[in-house]
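Notes follow the structure.
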């Protein structure tokens, strides 16, 4: 069995039950980019990439880990749960948002930390979950990333983080902003230990996540067409009152302007990361 088919099977097994149930409700999907009607099975066999225009659909955190890691992996710090330090309420209480996301996704916050192997090499790997309050970074996400970095140092393993986030979690106020400093300081210690860190940026990676660990990798790699930036393009246009260039803040634009090291198709990502680790560790 080829790695492509094996990893596709692993991704299917990692898909939450509610997503599998939705899949049975229709055999076709409309591509968000080219608007083509795509046979769902073809999309799934292509790692959630449109076979017509190569648009990359979003993946869950479990699907990401299944795609990158070999077979079984061990999850760490899964029991960590966000509190509600500000008793924040907007259209509904923050505590209810957390409970709703936990019930829907079967996880306690917006990131999974795993220890496993990538093409036979032991690694620590984190994958963010955009479906959990927009993949926002609060105290739990910041702490789990910091612990993942510390685990990489303790075990002398390389670190891979897949980002997919709307940024810092506003419901936790200053506490969420403090995570930028904490995670960045931990990555500085990882660098002193001369252990490699590869950052994989997916659509979208914005706000405080971009302003911290997402852009601090020894290599910063992105999927095609990913929106990457601090403020969104609409906010920037409203602020400077100018029309932005075509493709602004997309991964190809950032690569051209020196903010990324590579843009890699999803089907090539595992091999690319593996080869990069070989070069960084040799």
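Protection proxy ranking for 248-255, 68-75, using the average of other Cβ atoms within 10 Å per residue and placing the highest first: 248-255, 68-75. Residue ranges 219-226, 147-154, 203-210, 34-41 sort as 203-210, 219-226, 147-154, 34-41 when ordered by packing (mean number of other C-beta atoms within 10 Å per residue, highest first). Using C-alpha pairs below 8 Å separated by at least 6 residues, the relative contact order for the chain is 13 percent.
Take the Cβ atoms of residue 193 and residue 53, set R0 to 41 Å, and the FRET efficiency comes out at 0.45. Of the labelled figures (1) 72, 70, 33; (2) 52, 41, 29; (3) 48, 45, 41, only one reflects Cα extents along the principal axes in Å as derived from the coordinates, namely (3). Here the spin labels are modelled as points 7 Å beyond Cα on the Cα-Cβ line, and at residue 282 and residue 27 they lie 4.8 nm apart. With 0.36 nm allotted per residue and the present C-alpha distance subtracted, the residue 74-residue 119 stretch has 14.6 nm of extension available. Region 231-259 to region 96-115: how many Å between their Cα centroids? The two parts, judged by their Cα centres, are 31 Å apart.
In this structure, residue 275 and residue 230 have a Cβ-Cβ separation that, at R0 = 30 Å, corresponds to a calculated FRET efficiency of about 0.50.
For the chain, the share of DSSP beta bridges that are antiparallel, to the nearest 5, is 50%.
FYI, it's all coordinate maths here, none of it is from the lab. Note that this is a predicted model, so its numbers are computed, not measured. Virtual Cβ from ideal backbone geometry, glycine too; neighbours counted across all protein chains shown.
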